[in-house]
Amino acid sequence: MLGATVCIRAEGVQLAGFMQALREAGIICAGQHCRQGAFHATIPAGSLKKVRRLAEQSGITLTVTSRRGLRFTLYRVRFRYGAALGMLGVLLVFFCVSNLIVKIEVTGNCTVPEAQIRRVLEEIGITNGAWIPGIDFRMCETRLRLAVPELRWAGIRHTGGRVVVDVAEATPQPRMLHDRVPCNYVAARDACIQKIMPACGMVLCQVGDGVRAGDVLISGVLEEDTGVVSYYHASGTVTGVYQENVTFAQPMVEELRISEEPERRRMLSLFGQRIPLYFGNVQLPMYDYGESETRFSLFDREIPIGIIHCTYTPYSYRICAYDRQEAEQLLEQKCLQYEQNFHSQDQIQDRTLEFRQEDSVIYCDVRYVISGEIGTIREIFIK
């Protein structure tokens, strides 16, 4: 029988009537037997009061011989505080061990050394013995990606005291070369040729020649003396000197969004309810909000109790006014950034800047003289 049970012994003249009353009352009796004029049975503990009432009505003497079940065991040791404290201590130890980092695994890395990733993890607070609910794993993922540029993705998860760091490395996309498609190598801009390094095809120009955009530099069409025409994939490198004109603009008055140092708060998540672990309210006029939750674990299983990490990033808009000198300095910075983005592999031989103002906007007209690759591939469409 499940649950707490009671073993009884009934003695008296009207035992048959008492047994009949038990059957009519629907009381479950297990292990029924009669011995030396007494009726023995095991009944659920919850039916004891009703059985005592039936015994009084039948003139039967009822004796409880034993009680079994967790409820009676706990009742007997209710004043044994040492046992209760010991059990509570064991649960507390399991709870603490389940929420401490005891093992860190890094998976998915090939070229990035695991030691480098572990150093970054240690700097952001993920180390052996760290308190797991106090770690904002989403923020740690972002900081890990920023600290290791070779990673394009990082995910951090935990199961009990085991933390797994999954990473994916950034693989540069190879340049696709359709070396079987007939094509010409043509000029992409007007330039003066400095250097020619053909790989395949017929060269149609010489060093020092001036070419216009669209002119064929290396031809992929070869016509033999017999009149047979063959088509190839022309390739190579042609370096030339060309001019490029770019214009940058900078208003003398502009509105800028400025982000400030984020504020972090924590809340206790208790079975879906949020209990703030801080005093006062977050009083910010404008902010970006983000949150992540780290749950507690017990015996390597998450329980519906955790810590919610809240991040408030305040920002404001400011009107910035520049004088002529400051606006020109900002334009020069834009010019340098353009060169790093688009001409980092080229040689800039000359750069001329001319500033002009129209209303409240300063313009910078830049004339470049650049030495770099001037060719591009263009397919040949054959009928």
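The values are calculated or read from the model by the stated rules, or taken from the named source; none is laboratory data. Model, not experiment: these values are computed from the prediction. Don't worry about glycine lacking a Cβ; one is built from the backbone with ideal geometry, like all the others, and counts go over all protein chains shown.
Taking into account only those residues within region 286-297 that are more than 17 Å from the chain's Cα centre (by Cα) and surrounded by 16 or more Cβ atoms within 10 Å (Cβ to Cβ), which is nearest to SER98 (Cα to Cα)? Step through it out loud before you land on a result.
Step one: filter region 286-297 for residues more than 17 Å from the chain's Cα centre (by Cα), giving 286-288, 296-297.
After this cut, where a residue has to be surrounded by 16 or more Cβ atoms within 10 Å (Cβ to Cβ) as well, the list is 287, 296-297.
Details: TYR287: 35, PHE296: 8, SER297: 6 Å.
Result: SER297.
Of the conditions (1) at pLDDT 90 or above; (2) touching an Asp or Glu at 6+ places or on another chain (Cβ under 9 Å); (3) over 30 Å from VAL366 (Cβ atoms); (4) not hydrophobic (A, V, I, L, M, F, W, C), GLN243 fails just one. Which one is it?
Going through the list (1) at pLDDT 90 or above; (2) touching an Asp or Glu at 6+ places or on another chain (Cβ under 9 Å); (3) over 30 Å from VAL366 (Cβ atoms); (4) not hydrophobic (A, V, I, L, M, F, W, C), GLN243 breaks only (3).
Which of the residues spanning region 20-39 are under 60 Å from the mean Cα position of the chain (by Cα) and assigned to a strand (DSSP E or B)?
If the condition is that a residue be under 60 Å from the mean Cα position of the chain (by Cα) and assigned to a strand (DSSP E or B), then ALA30 is the only one that fits.
Out of everything in region 244-277 that is surrounded by 14 or more Cβ atoms within 10 Å (Cβ to Cβ) and polar (S, T, N, Q), what residue ends up being farthest from GLY208 (Cα to Cα)?
SER269
Among the candidates GLY227, GLY240, single out the residue that is surrounded by fewer than 16 Cβ atoms within 10 Å (Cβ to Cβ) and either among the small types (Gly, Ala, Ser) or assigned to a strand (DSSP E or B) (or both). Before the answer, list the steps.
Details: GLY240 fails: surrounded by fewer than 16 Cβ atoms within 10 Å (Cβ to Cβ).
The unique qualifying residue is GLY227.
When you look at LEU62, is it closer than 30 Å to GLU11 by Cβ, of a type in the set (A, V, I, L, M), crowded, with 17+ Cβ neighbours inside 10 Å and touching a Lys or Arg at 6+ places or on another chain (Cβ under 7 Å), yes or no?
Working: closer than 30 Å to GLU11 by Cβ: yes; of a type in the set (A, V, I, L, M): yes; crowded, with 17+ Cβ neighbours inside 10 Å: yes; touching a Lys or Arg at 6+ places or on another chain (Cβ under 7 Å): yes.
Yes.
Restricting attention to region 93-146, report how many residues are assigned to a loop (DSSP other than H, G, I, E, B) and without any contact (Cβ under 8 Å) to a residue 40 or more places away in the chain.
Looking only at that region, the number is 8.
Right, VAL163: in the same structural domain as GLY129 (by TED's automatic domain parsing), at pLDDT 85 or above and not acidic (Asp, Glu) or not? Show your work before the answer.
Working: in the same structural domain as GLY129 (by TED's automatic domain parsing): yes; at pLDDT 85 or above: yes; not acidic (Asp, Glu): yes.
Answer is yes for this residue.
For region 289-321, what are the residues that are over 13 Å from GLY134 (Cβ atoms), of a type in the set (D, E, K, R) and at pLDDT below 90?
Taking region 289-321 and keeping what is over 13 Å from GLY134 (Cβ atoms), we get 289-291, 297-305, 310-321.
Still in the running and of a type in the set (D, E, K, R): 291, 300-302, 318.
Correct list: GLU291, ASP300, ARG301, GLU302.
When the residues of region 223-240 are narrowed to those that are at pLDDT 85 or above and among the hydrophobic types (A, V, I, L, M, F, W, C), which ends up farthest from GLN349 (Cα to Cα)?
Step by step, filter region 223-240, then rank; the result is ALA234.
For region 282-307, how many residues meet the condition of being of a type outside the set (S, T, N, Q) and more than 16 Å from PRO262 (Cα to Cα)?
Step one: list which residues in region 282-307 are of a type outside the set (S, T, N, Q), which gives 282, 284-291, 293, 295-296, 298-307.
Then keep just the ones that are more than 16 Å from PRO262 (Cα to Cα); that gives 293, 295-296, 298-307.
Of the residues in that region, 13 qualify.
Could you tell me whether any residue of region 97-105 is within 50 Å of the chain's Cα centre (by Cα) and on the phi > 0 side of the Ramachandran plot?
Applying the first criterion (within 50 Å of the chain's Cα centre (by Cα)) to region 97-105 yields 97-105.
Still in the list and also on the phi > 0 side of the Ramachandran plot: none.
No.
Please verify whether region 135-155 includes one or more residues that are more than 17 Å from the chain's Cα centre (by Cα) and of a type in the set (Ser, Thr, Tyr). Steps first, please.
Going residue by residue through region 135-155, those that are more than 17 Å from the chain's Cα centre (by Cα) are none.
No, region 135-155 contains no residue that is more than 17 Å from the chain's Cα centre (by Cα) and of a type in the set (Ser, Thr, Tyr).
Listed residues MET252, MET267; which is farther than 25 Å from GLY134 by Cα and either under 24 Å from the mean Cα position of the chain (by Cα) or not β-branched (Val, Ile, Thr) (or both)?
On the way: MET267 fails: farther than 25 Å from GLY134 by Cα.
It is MET252.
Does THR159 count as surrounded by fewer than 16 Cβ atoms within 10 Å (Cβ to Cβ), in contact (Cβ under 8 Å) with a residue 24 or more places away in the chain, among the β-branched types (Val, Ile, Thr) and out of contact with any Pro (no Cβ under 6 Å at 6 or more places or on another chain)?
On the way: surrounded by fewer than 16 Cβ atoms within 10 Å (Cβ to Cβ): yes; in contact (Cβ under 8 Å) with a residue 24 or more places away in the chain: yes; among the β-branched types (Val, Ile, Thr): yes; out of contact with any Pro (no Cβ under 6 Å at 6 or more places or on another chain): yes.
For THR159, the condition - surrounded by fewer than 16 Cβ atoms within 10 Å (Cβ to Cβ), in contact (Cβ under 8 Å) with a residue 24 or more places away in the chain, among the β-branched types (Val, Ile, Thr) and out of contact with any Pro (no Cβ under 6 Å at 6 or more places or on another chain) - is met.
For the subset of region 342-383 comprising residues that are aliphatic (A, V, I, L, M) and free of Cβ contacts under 8 Å to residues at least 24 places away in the same chain, which member is nearest to CYS183 (Cα to Cα)? Break it down stepwise before answering.
First, the residues of region 342-383 that are aliphatic (A, V, I, L, M): 348, 353, 361-362, 366, 369-370, 374, 377, 380, 382.
Those left that are additionally free of Cβ contacts under 8 Å to residues at least 24 places away in the same chain: 348, 353.
On the way: ILE348: 30, LEU353: 38 Å.
Here the answer is ILE348.
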